[in-house]
1. Search the structure for amide H atoms under 5 Å from the amide H of Thr45, placed 1.01 Å from N in the peptide plane, and list their residues when 5 or more places away or on another chain.
2. Run the quick spin-label model on Arg28 and Gln7: label points 7 Å from Cα toward the beta carbon, then report their separation in nm to one decimal.
3. Ranked by Cβ crowding within 10 angstrom, fewest neighbours first, how are Lys73, Lys34, Lys98 ordered?
4. Tell me, Tyr6, Tyr100 in order of fewest to most beta-carbon neighbours within 10 Å?
5. With each label point set 7 Å from Cα along the Cα-Cβ vector, what nm distance links Leu102 and Phe61?
6. First select every other residue whose beta carbon is under 10 angstrom from the beta carbon of Gly76; then total the charges, Lys and Arg +1, Asp and Glu -1.
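Only the coordinates and a few stated rules stand behind these numbers; no lab work does. Computed from a prediction, not measured in an experiment: that's the story for all the values here. For neighbour counting, all protein chains shown are included, and Cβ atoms are generated from backbone atoms with ideal geometry for every residue, glycine included.
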Amino acid sequence: MDRRQYQRWELEAPVTYSWKDAGGVRHRTKGAVKNISGAGVFVSTHEPPALGARVRFRVFFSSFHFVSVLVMKTIGQVVRVESELQAEAPGGFAVAFKSYVLRNETRVIERRRF
């Protein structure tokens with residue numbers, strides 16, 4: 001029986017995230033959101049934080065406007081970690097959050113002359 005309070009959507013979106021380990025060292029890395037709901041996300045990555053870690057992350061959603069991107073910023077807590085042996089490679093982690101900010105940000109486009 002599914003006990004989730006919010007509907008979950010399957011998607012793939014890039015995410016950057018950071019957390020502090022038990023020694024207070026900040027780690028920053030990237031992954032891909034595999035599904036999202038109004039209260040959490042599952043991130044596919046080779047570098048998951050520890051269970052219970054407080055994680056800051058930014059999810060980047062494609063926008064209908066070429067020069068912008070929707071960015072979700074939030075802080076959450078790791079509630080589940082799946083090793084690469086338990087899940088489809090790579091593994092990942094689930095984060096629960098209570099609130100988030102969704103903004104439309106300008107996409108920086110680099111143009112080079114050849």
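1. Close amide H contacts, sequence-distant or interchain: Gly91, Gly92, Phe93.
2. 3.6 nm
3. Lys98, Lys73, Lys34
4. Going from least to most buried by this count: Tyr6, Tyr100.
5. Distance between the two pseudo-spin positions: 0.3 nm.
6. Neighbourhood net charge equals +3.
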